[in-house]
Amino acid sequence: IVMSIAPMFLASCGTDDASGAAAGGEPSRTIDITATEYAFNGDPGTIATGDTIEFAVENIGQLDHSLEVLSSEGRSLGRTERIPAGSTDSVTVTFDTAGAYRLICDVDDHLSRGQSATVTVG
């Protein structure tokens, strides 16, 4: 599955706090994501329930971006800092149960311009 402007991922996640610290410890793997105006791209592959995933985000756009993981209820499970053009940051989340979760950019109006994705876990 490749992420684009309006892709779907399904995931169920849990973290210790809003900083993105994983509830389950060390990541089982890293998923590389690129952020640009106004899309996320990457291949999450299969995410299984119980996986702890590090989302490594590279901003290849011209504007600042971020990546925040939201539960199906809209609760923040973790987020990167604001990522300047040409920079990287990461967030680690443990996916405890199956469900639909969003990856969003909450910088300025990026979400309303379509910069989100959904992940599938289970």
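Things to note:
- Heavy atoms of VAL119 accessible to a 1.4 Å probe, total area in Å² rounded to 10: 0
- When each of the peptides 38-44, 70-76 is scored by the mean number of other C-beta atoms lying within 10 Å of its residues, the order from highest to lowest reads 38-44, 70-76.
- Around the amide H of GLY122, modelled in the peptide plane, lie the amide H atoms of ILE47, ALA48, THR49, all under 5 Å away and 5 or more residues distant in sequence or on another chain.
- Within the full protein context, the accessible area of THR97 is estimated at about 80 Å² for a probe radius of 1.4 Å.
- Distance between the modelled labels on GLN62 and GLU81, one decimal in nanometres: 2.5 nm (7 Å Cα→Cβ projection).
- Computed log10 I(q)/I(0) for the range 40-109 at 0.24 Å⁻¹: -1.14, from the Debye equation with unit scatterers placed on every C-alpha and solvent omitted.
- Accessible carbon and sulfur surface of the range 28-122 relative to its total accessible area, %, 1.4 Å: 44
The values are calculated or read from the model by the stated rules, or taken from the named source; none is laboratory data. Source: prediction; values computed, not measured. Note that we place each Cβ from the backbone using ideal geometry, even for glycine, and neighbour counts take in every protein chain shown. What goes into the accessible areas is simple: the full protein's heavy atoms, side chains included, and nothing from ligands, DNA or RNA. Shrake-Rupley method; radii C 1.70, N 1.55, O 1.52, S 1.80 Å.
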